[in-house]
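Bear in mind that the values in this text are calculations on the coordinates, not laboratory data. Because the structure is predicted, anything quoted here is derived from the model rather than measured. For neighbour counting, all protein chains shown are included, and Cβ atoms are generated from backbone atoms with ideal geometry for every residue, glycine included.
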Amino acid sequence: MAGPGPKIDQRHRIDASSWLVGGQWVRGKSSNVKGIRYEYASKVLWVEFKSGSVYSYHSVPPHVAKGFFNSGSLGRYLDKHIKKAGYAYKREA
């Protein structure tokens, strides 16, 4: 993961506008997710797991990426709103 992270507001949630536009890796607060990154221009959401696996999810709209980033449970949100929603994905590492 590289680069500084986005601003965090008083409730410890991310200022998603800086994260969405910046395309920076941000640490995941999860037992399974190490980091997440969103590329606004290409609508690609990257998820790095603590196991070392990295997946890219394609055509993910900004509101879904923002919801994932701000969710209380990254794993549950990923499963329900991204995996089960059928976004195309690719294992990158």
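Ordered by packing density, taken as the mean number of other Cβ atoms within 10 Å over each peptide's residues, highest first, how do 59-67, 79-87 rank? Kindly include the intermediate steps, with their values, before the conclusion.
On the way: 59-67: 16.1, 79-87: 13.2.
Ranking the peptides 59-67, 79-87 by packing returns 59-67, 79-87.
Computed from backbone phi, the HN-Hα couplings of segment 34-39 come to 7, x, 9, 8, 10, 9 Hz, rounded to whole numbers (Karplus: 6.51 cos²θ - 1.76 cosθ + 1.60, θ = phi - 60°; Gly and Pro given as x).
Modelled spin labels at LYS84 and GLU39, positioned 7 Å past Cα toward Cβ, are 2.9 nm from each other. Note that segment 55-72 has calculated 3J(HN,Hα) couplings of 10, 10, 10, 9, 6, 7, x, x, 5, 6, 4, 5, x, 4, 4, 9, 6, x Hz, one per residue in order, obtained from phi through the Karplus relation 6.51 cos²θ - 1.76 cosθ + 1.60 (θ = phi - 60°); glycine and proline are x.
Please work out whether segment 51-90 counts as rounded, prolate or oblate from its C-alpha gyration tensor, where a ≥ b ≥ c are the square roots of the eigenvalues and a/c under 1.5 means rounded, while otherwise a/b larger than b/c means prolate and anything else oblate? Walk me through the intermediate numbers first.
Working: a/c = 1.55, a/b = 1.11, b/c = 1.40.
In terms of gyration-tensor shape, oblate.
Summing charges over all other residues whose Cβ lies under 15 Å from the Cβ of GLU39, with Lys and Arg as +1 and Asp and Glu as -1, gives +2.
Approximating the spin labels as points 7 Å out from Cα along Cα→Cβ, the ARG91-to-SER73 distance works out to 2.5 nm.
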